[in-house]
Amino acid sequence: MSKITALKGAVSALAVMAVMAGSIAPAAAQQAPAATAATAPPAAQSEDARLAAFFQQAFMEGISQTPEGLTQMGSKERYGELGDYTDTAAVKAQELAHRQLDQLHRQFDPARLSPSSRLSYRLFEINVAQGDALFAYRFHNYAVSNNGTAISGIPVLLINAHAVASVADAEAYISRLRAMDRVGGEVAADIDYRTAHNFISPDFVFEPVLKDTRAQLTGAPFDSGPDHPLFADFKTKVNALSIDQAAKDRLIADAREALLGSYRSGVSKVISAVERMGRKASSSDGVWRLPDGQAYYAATVKFFTTTNLTPDQIHQIGLSEVARIRGEMETIKTRVGFQGTLAEFIADLKTNPKYRYPNTPEGKAQYLADSKRIIADYMAIASTQFSRLPKAPIEVRAVESWRENTASGAFYDQPTPDGSRPGIFYVNLSDMSQVARINLEALAYHEGTPGHHFQIARALEQEDLPLFRQFGYQGAYIEGWGLYAERLGKEAGLYRDPYQDMGRLSMEIYRAARLVVDTGLHSKRWTRDQAMQYFRDNTLVSELDIQREINRYIANPGQATCYKIGQLKILELREKARAALGARFDIRDFHEVVLANGALPLDVLEEQVDAYITARKAA
């Protein structure tokens with residue numbers, strides 16, 4: 001799973017629906033042969049340059065409204081600020097998007113642009129339309145979810161993205177701690193508004209969210225325990241500065257005062273609002289229970305899959321894919337000589353301790369070491385499947401203890417465009433007894449290489465794409481690529497152990513099961529228990545992760561449908577190209593085409609592949 005955070009306001013007012021946590025950039029590489037600007041006439045090139053300047057200005061105008069987004073990009077503009085978390089800000093962001101769209105239409109004629117620029121023009125229109133489709137439902141998007149609240153990402157931003165290279169940077173850090181009083185008040189007011197208007201989150205989210213949010217007020221200087229992660233981070237960064245000790249002491253004292261004052265006040269306001277909503281929460285049903293819930297769900301499915309598939313159609317695709325993958329699992333069961341049914345084989349893989357890491361510090365260290373080894377092994381053969389690799393490095397890190405309860409099992413955080421921060425593959429090690437050893441290889445390919453890292457880092461490195469495309473979000477493309485990447489490991493000759501290949505299938509079947517369960521919960525009115533039982537019957541997901549997964553689908557409707565829908569489309573397009581080109585088909589060329597234009601709606605991706613096929617045939 002990839003993460004989307006502070007860039008949401010710059011990309012689209014409602015790409016916030018894609019969010020459900022950190023920041024994501026799409027993959028991007030060289031333009032496909034059919035979409036280059038190199039052959040455009042001089043007049044068109046001049047229009048292209050003018051359009052590029054417009055897109056640059058439009059993106060920066062949007063991102064400048066979100067100081068967190070600027071920091072994620074590696075910029076120190078508005079470094080001491082946090083953004084506006086009110087609905088007024090959301091309205092202004094959507095109004096800005098429309099003003100920019102009007103300007104685009106007034107000032108540019110698509111007929112005078114090169115193919116590449118016409119694609120950017122079209123994608124800008126699509127982004128605004130996607131925002132419009134969801135804007136009316138912005139309060140349906142739960143303010144308290146399995147990922148926490150709107151303030152949950154702020155400590156992560158400060159620790160991972162707020163660099164301190166000077167006294168001014170340290171003072172900006174302190175200023176952001178002080179801004180938490182205002183931000184906490186705005187987030188609390190938003191939660192209270194939703195409570196009053198019956199946009200109440202599912203009942204199961206409140207205990208873990210309150211636990212993690214209260215943890216933001218534990219440790220020194222709040223109590224006598226070890227330093228709070230923010231306090232520890234600030235001390236480490238300040239102590240690394242080449243300034244005298246008195247200056248360091250002053251900065252640390254100011255940070256202590258900010259944490260005990262404004263920061264604690266802001267977090268406390270959010271805790272109180274979450275408690276107030278929690279007292280009214282009484283359901284774990286899907287979003288059909290909300291005002292206009294069915295229409296909202298249909299809109300989210302359209303947004304995340306970038307298709308016109310109905311919830312019923314997606315449900316049937318899921319049932320079909322689950323049946324197909326179970327057949328492949330039967331083959332592996334026979335290959336390893338397991339005597340028993342597939343259900344018994346799955347039960348053994350789920351319960352036998354030999355398929356788990358020890359729930360000890362040593363087990364956690366081994367998991368991290370194995371993750372790093374798997375990524376290194378793939379990078380050694382990556383050139384057989386890709387002609388261009390990202391420059392940014394990737395690191396594997398454990399999820400911080402203070403957010404283990406609400407963090408996903410694994411996810412990817414983007415690098416900065418300037419290379420000052422690497423891509424990060426996060427793994428949640430809160431309970432190793434629930435971590436399946438056989439799933440790790442597929443997970444590393446999805447979240448690391450050649451999955452999200454190859455998309456996101458490359459996009460940030462591709463300066464010929466407009467920034468809104470480098471940071472664009474199209475769910476089915478991005479998560480579909482991640483799932484597709486899991487299969488690339490097998491095609492590269494990895495998954496040498498049949499049990500690891502079973503792990504790959506287990507990861508794929510739970511993405512197929514997501515289609516069944518997500519639509520079941522939100523469209524067919526399944527109960528949470530029904531959804532959990534379907535996962536028990538058809539996947540290798542542990543009981544703890546089943547609970548996490550089902551909670552995630554209930555709290556983030558529609559998002560889980562994009563993985564399998566996207567993967568199936570990419571595979572379909574690959575086979576289409578292979579059949580059309582025969583011996584001229586090269587997997588590396590195909591991957592360039594898929595990654596060349598950043599994140600795309602699936603119908604636009606198909607157009608790019610069709611153009612590649614036509615150009616390759618004519619070559």
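Quick notes on this structure:
- Where only alpha carbons of segment 498-619 are counted, the Rg and the Dmax (Å): 18.2, 56
- Rounded to the nearest 20, the size of the Cβ-charge dipole of segment 512-619 about its Cα centre is 100 debye, with Lys and Arg at +1 and Asp and Glu at -1.
- Orientation-averaged projected area, Cα convex hull of segment 337-461 (nm²): 9.6
- Dipole magnitude for the chain: computed about the Cα centre from +1 point charges on Lys and Arg Cβ and -1 point charges on Asp and Glu Cβ, it is near 540 debye.
- Normalised Debye scattering of segment 280-402 at q = 0.11, 0.14 Å⁻¹ gives log10 I(q)/I(0) of -0.88, -1.22, counting only Cα atoms as equal scatterers and leaving out solvent.
- From the Kirkwood radius over Cα pairs of segment 420-534, Stokes-Einstein at 20 °C and 1.002 mPa s returns a whole-number translational diffusion coefficient of 132 µm²/s.
- Shape of segment 389-485, Cα gyration tensor, a/c cut at 1.5: prolate
- Label-point separation in nm, residue 615 to residue 389, each point 7 Å along Cα→Cβ: 2.5
- When the alpha carbon coordinates of segment 520-574 are projected onto the principal axes, the ranges are 37, 25, 16 Å, largest first.
- Value of relative contact order over segment 178-317, rounded to a whole percent, pairs C-alpha under 8 Å and six or more apart: 40
- When the P(r) is computed for segment 389-435, the part past 15 Å accounts for 48% of the Cα-Cα pairs.
- The largest-to-smallest principal axis extents of the Cα set in the chain are 70, 70, 52 Å.
- Cα-projected label distance for residue 339 with residue 320, points at 7 Å along beta-carbon direction, nm: 3.9
- Based on Cα contacts under 8 Å between residues 6+ apart, segment 326-415 shows a relative contact order of 16 percent.
- Among beta bridges that DSSP assigns inside the chain, antiparallel share in %, nearest 5: 45
- Two-site FRET efficiency, residue 198 against residue 168, from Cβ-Cβ distance with R₀ of 51 Å, rounded to 0.05: 0.65
- With helices as the sole contributors, the chain gives -19500 deg cm²/dmol at 222 nm; each DSSP H run of n ≥ 4 counts as -39500 (n - 2.57), and the sum is divided by every residue.
- Ellipsoid fit via the Cα gyration tensor, segment 143-233: semi-axes of 27, 16, 11 Å, each the root of five times an eigenvalue, largest first.
- Whichever lysines have a C-alpha closer than 17 Å to that of residue 76, once near sequence neighbours (fewer than 8 apart) are set aside: 237
- Taking a sphere under 12 Å around the Cβ of residue 437 and counting the other residues whose Cβ falls inside, with K and R at +1 and D and E at -1, yields a net charge of 0.
- Full-stretch length increase - residue 288, residue 584 - with 0.36 nm per residue and alpha-carbon distance subtracted: 101.6 nm
- Partner aspartates and glutamates for residue 211 [C-alpha distance under 16 Å; skip if fewer than 8 residues away on the same chain]: 203, 275, 400, 404
- Other residues lying with their Cβ under 12 Å from the Cβ of residue 345 contribute a combined charge of +1, Lys and Arg counting +1, Asp and Glu -1.
- Paired Rg and Dmax values of segment 32-185, which use every Cα atom, in angstrom: 19.2, 55
- Mean sequence separation of contacting Cα pairs (under 8 Å, at least six apart), scaled by the length of the chain, corresponds to a relative contact order of 22 percent.
- Under DSSP loop assignment and at most 13 Cβ neighbours within 10 Å, longest trypsin sites (Lys or Arg not before Pro)-free interval of the chain: 1-390
Values quoted throughout were computed directly from the atomic coordinates according to the rules given, and no laboratory measurement underlies them. Small disclaimer: the values here were computed from a predicted structure and weren't measured. A quick note on method: Cβ atoms are made from the backbone with ideal geometry, for glycine too, and the neighbour counts reach across all protein chains shown.
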